[in-house]
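Student: A single structure is presented below for examination.
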Amino acid sequence: MTMKKLMAMSVALGALMLAGTAQAEIKIGVIAPITGPSAAFGAQIRNGAVQAVEDINKAGGVNGEKLVVSVGDDASDPKQGVSVANKFAGEGVKMVVGDFNSSVSIPVSEALIEAGIIQITPASTAIKFTERGNWNTFRTCGRDDQQGAVAAAYLADKFKGKKIAFIHDKSTYGKGLAEETLKALKAKGGSAAISESLTPGEKDFSALVSKLKQANVDVIYFGGYYTEAGLLIRQMRDQGLQAPLMGGDALADREFAQVGGPGSEGTFMTFSPDARKNPKAKATIDSFKAIKFEPEGYTLYSYAAVQILKQAMEATKSTDGQKLAAHLHQGKPFDTVIGDISYDKKGDITRPDYVMYMWKKGADGSINYAGNEVP
């Protein structure tokens, strides 16, 4: 055999080996705000998915193949999120975990559906995300109308006859959550004493706080994210307004208390039952603590999203997005660190559960919501 033929065979064999390696990997994309105003939640989503992939690979992978995770930063910007989604599609990503912001998840899902990619968001609660009839949209969290109902019930009970202010940050999530909460409150006979909005990125809310003081409000409901909520509560206290603040799941990171300072104590917040209390999650939580990361907020919801995809791939023996989605839509339960999860035909979980928390100062002096559920 000539040297030329030997070289040709060597090149061909190398190509086959590389192809075999590529076929032995399943690509999962994670789209989250790694930078920008919601970076704390981006870290939760990224770390949750990455740890799940690592644990699954240690246990042998999926159907004999290893998972490979790619992380894309959307910086809470819809255009950047779509750009990441298109990049993932070109790279052969089979499924996506993310995003965080509903305003990003919704356009991203449109880009992913064109590429045949299934998407599970751990944190986007906007109703619209699963109400458009798309086959590829799922979540491991609840929806704004569900947590709005819990918030409204609490307001109607504990603040009956009081002046309630409603403020939102104009975002898809914040505005939607405030509107759903107010709608549910009105159904219970309540109303808004004052309704206002603010702009994300602003730092000075003194004029808004003055309006709230003049209206003599007893409680402020805020639809928006932890940065603006923290700044608002800090400036409320600085101007002598002691009314409590109530918000939704986008406050569920310790960054809220760091931004808000001592005044953040006493803030109410709707969020799912703390997944860290699930006995099934102990080993996973220990893995996070080994890397010195507290799996708060949506960390375990992101981990669960990867677990669901794994179980769907094993059941269908496929990585095809539509086959995986069809399996999820059957309503069968998936075993996850946040408990059993099953889906309806829209891609919403069938066990929506929200509870009310209060941020309180612990023995270590830090202000946190963990373990502080209120009746």
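Bear in mind these aren't lab numbers, they're just calculated from the coordinates by the rules spelled out. Quantities reported herein were computed from a predicted structural model and do not represent experimental measurements. Positions of Cβ are generated from backbone atoms using ideal geometry, with glycine treated the same way; all protein chains shown enter the neighbour counts.
Student: Please list 3J(HN,Hα) in residue order for region 263-280, calculated via the Karplus relation 6.51 cos²θ - 1.76 cosθ + 1.60 where θ = phi - 60°; whole Hz, with x for glycine and proline.
Tutor: x, 6, 5, x, 6, 8, 8, 8, 7, 5, x, 4, 5, 5, 7, 6, x, 5
Student: Amide H to amide H under 5 Å from GLY72: which residues, 5+ apart in sequence or cross-chain, H placed 1.01 Å off N in plane?
Tutor: Those qualifying (amide H under 5 Å, at least 5 residues apart or on another chain) are VAL30, ILE31, ALA32.
Student: Then there's this: Roughly how many whole Å is it from the C-alpha centroid of region 265-303 to that of region 45-74?
Tutor: Comparing the Cα centres of region 265-303 and region 45-74, I get a distance of 18 Å.
Student: Counting only other residues whose beta carbon sits under 10 Å from that of GLN147, what net charge do I get with K and R as +1, D and E as -1? Walk me through the numbers before you get to the answer.
Tutor: Values: positive: ARG143; negative: ASP144, ASP145, GLU180, ASP249, ASP353.
Value of the local net charge: -4.
Student: Based only on the alpha carbon positions, what is the Kirkwood hydrodynamic radius of region 332-375, in angstrom?
Tutor: Details: mean 1/r = 0.0769 Å⁻¹.
Answer for region 332-375: a Kirkwood hydrodynamic radius of 13.0 Å.
Student: Pairing the Cα long axis of helix 144-158 with the longest principal axis of the chain, what angle in degrees results, from 0 to 90 and rounded to the nearest 10?
Tutor: The helix 144-158 is inclined about 20 degrees to the chain.
Student: Can you give the net charge of the other residues whose Cβ lies under 13 Å from the Cβ of GLU202, counting K and R as +1 and D and E as -1?
Tutor: Working: positive: LYS170, LYS203; negative: ASP169, GLU196, ASP204, GLU228.
Charge balance in the 13 Å sphere: -2.
Student: Apply the Karplus curve 6.51 cos²θ - 1.76 cosθ + 1.60, θ = phi - 60°, to the phi angles in region 80-93 and return the couplings in whole Hz, x for Gly and Pro.
Tutor: In residue order, the calculated couplings are 5, x, 5, 4, 5, 4, 5, 5, 4, 4, x, 8, x, 5 Hz.
Student: Scan region 262-301 for chymotrypsin sites (Phe, Trp or Tyr not before Pro) in coil per DSSP, keeping those whose Cβ has at most 16 other Cβ atoms within 10 Å, and list them by number. List each step's numbers first, then the result.
Tutor: On the way: sites: PHE268, PHE271, PHE288, PHE293, TYR298, TYR301; in loops: PHE293, TYR298.
Passing sites in region 262-301 are PHE293.
Student: Rg over Rh of region 31-83, using C-alpha atoms and the Kirkwood radius, what does it come to?
Tutor: On the way: Rg = 13.1 Å, Rh = 11.9 Å.
With Rh from the inverse mean 1/r over Cα pairs, Rg/Rh is 1.10.
Student: On C-alpha positions alone, give me the angle between the axis of helix 39-58 and the longest principal axis of the chain, in degrees, nearest 10.
Tutor: 40 degrees
Student: Strictly greater than 13 Å: what percent of every Cα pair in region 164-236 meets that? Before the final figure, lay out the partial values.
Tutor: Working: 1654 of 2628 pairs.
Cα-Cα pairs in region 164-236 separated by more than 13 Å: 63 percent.
Student: If I histogram all Cα-Cα distances within region 22-123 using bins 5 Å wide from 0, what percent of pairs lands in each bin?
Tutor: Going from the shortest bin to the longest, the percentages are 3, 15, 25, 24, 18, 10, 5, 1.
Student: Once amide H atoms are built 1.01 Å from N in the peptide plane, which residues 5 or more positions from THR336, or in another chain, come under 5 Å H to H?
Tutor: ILE341
Student: Where in region 33-114 are there GluC sites (Glu not before Pro) that are in a DSSP coil and have at most 12 other Cβ atoms within 10 angstrom of their Cβ? Mind dumping the intermediate values first?
Tutor: Values: sites: GLU54, GLU65, GLU91, GLU110, GLU114; in loops: GLU91.
Sites meeting the loop and neighbour criteria: GLU91.
Student: What is region 260-300 by shape, rounded, prolate or oblate, if you read a ≥ b ≥ c off the alpha carbon gyration tensor as root eigenvalues and call it rounded for a/c under 1.5, prolate for a/b larger than b/c, and oblate otherwise? Each step should come with its number before you reach the end.
Tutor: Working: a/c = 3.45, a/b = 1.74, b/c = 1.99.
Since a/c reaches 1.5 but b/c is at least a/b, the shape of region 260-300 is classed as oblate.
Student: Could you compute Rg(Cα) / (2.2 N^0.38 Å) for region 122-260, with N its residue count? Walk me through the numbers before you get to the answer.
Tutor: Values: Rg = 15.0 Å, N = 139, 2.2 N^0.38 = 14.3 Å.
Ratio of Rg to 2.2 N^0.38 Å for region 122-260: 1.04.
Student: Which label marks the calculated value of P(r) over Cα pairs in 20 Å bins from 0, in percent, given the options (i) 29, 59, 12, 0; (ii) 29, 52, 15, 3, 0; (iii) 24, 48, 23, 5, 0?
Tutor: (ii)
Student: Where in region 132-213 are there trypsin sites (Lys or Arg not before Pro) that are in a DSSP coil and have at most 15 other Cβ atoms within 10 angstrom of their Cβ? Show your work: numbers first, answer last.
Tutor: Details: sites: ARG132, ARG139, ARG143, LYS158, LYS160, LYS162, LYS163, LYS170, LYS175, LYS183, LYS186, LYS188, LYS203, LYS211, LYS213; in loops: ARG132, ARG143, LYS160, LYS162, LYS163, LYS170, LYS188, LYS203.
Within region 132-213, the qualifying trypsin sites (Lys or Arg not before Pro) (loop, at most 15 other Cβ atoms within 10 Å) are ARG132, LYS160, LYS162, LYS170, LYS188, LYS203.
Student: Going by alpha carbons, how many degrees (0 to 90, nearest 10) lie between the helix axis of 102-114 and the longest principal axis of the chain?
Tutor: Helix 102-114 and the main axis of the chain meet at about 30 degrees.
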